[in-house]
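The values are calculated or read from the model by the stated rules, or taken from the named source; none is laboratory data. In this text the structure is predicted, and so the values were computed from the model without any measurement. Virtual Cβ from ideal backbone geometry, glycine too; neighbours counted across all protein chains shown.
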Amino acid sequence: MGRTKKPRTCGCPFDELKCCIFKPRGIPMHSLQRTVISLDEIEALRLCDGESLTQEEAGTRMGISRGTVQRLLESGRRKTISALVDATAIIIEKP
């Protein structure tokens, strides 16, 4: 049995929404593949890439370790680039 998930602090605007979808214009949603990105990944991207914080500073703000921030960044960047290159819908979901 795995450990329980640590509570994380999120300051991004998607926090109040259940999910948010970004898709290529002009293509119906039913014909698009979907890429799901977690709110934690978006928050790590926002802090490190958007606000230019170090992984250590982002981890402190989110209440998680630097290693966890690094894993969230790697996963979020991979999913975002894949969705942009492959023209898939990006779905931001809360856990």
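For the range 44-76, the set of residues classified as in a loop (DSSP other than H, G, I, E, B) and either in contact with a Cys (Cβ under 8 Å, 6 or more places away or on another chain) or closer than 17 Å to Lys94 by Cβ (or both) consists of Thr54, Gly63, Ile64, listed by residue number. Only one of the listed residues (Thr35, Thr60) is over 12 Å from the mean Cα position of the chain (by Cα), at pLDDT 90 or above and surrounded by 15 or more Cβ atoms within 10 Å (Cβ to Cβ). That residue is Thr60.
The condition (being surrounded by fewer than 12 Cβ atoms within 10 Å (Cβ to Cβ) and not charged (D, E, K, R)) is satisfied by just one residue among Ser82, Ser65, Ser52: Ser52. Screening the range 1-32 for residues that are of a type in the set (D, E, K, R) and modelled with pLDDT of 80 or more and picking the one that is surrounded by the fewest Cβ atoms within 10 Å (Cβ to Cβ) gives Arg25.
Against the list (1) of a type in the set (Gly, Ala, Ser); (2) crowded, with 16+ Cβ neighbours inside 10 Å; (3) without any contact (Cβ under 8 Å) to a residue 24 or more places away in the chain, the condition Ala89 fails is (3).
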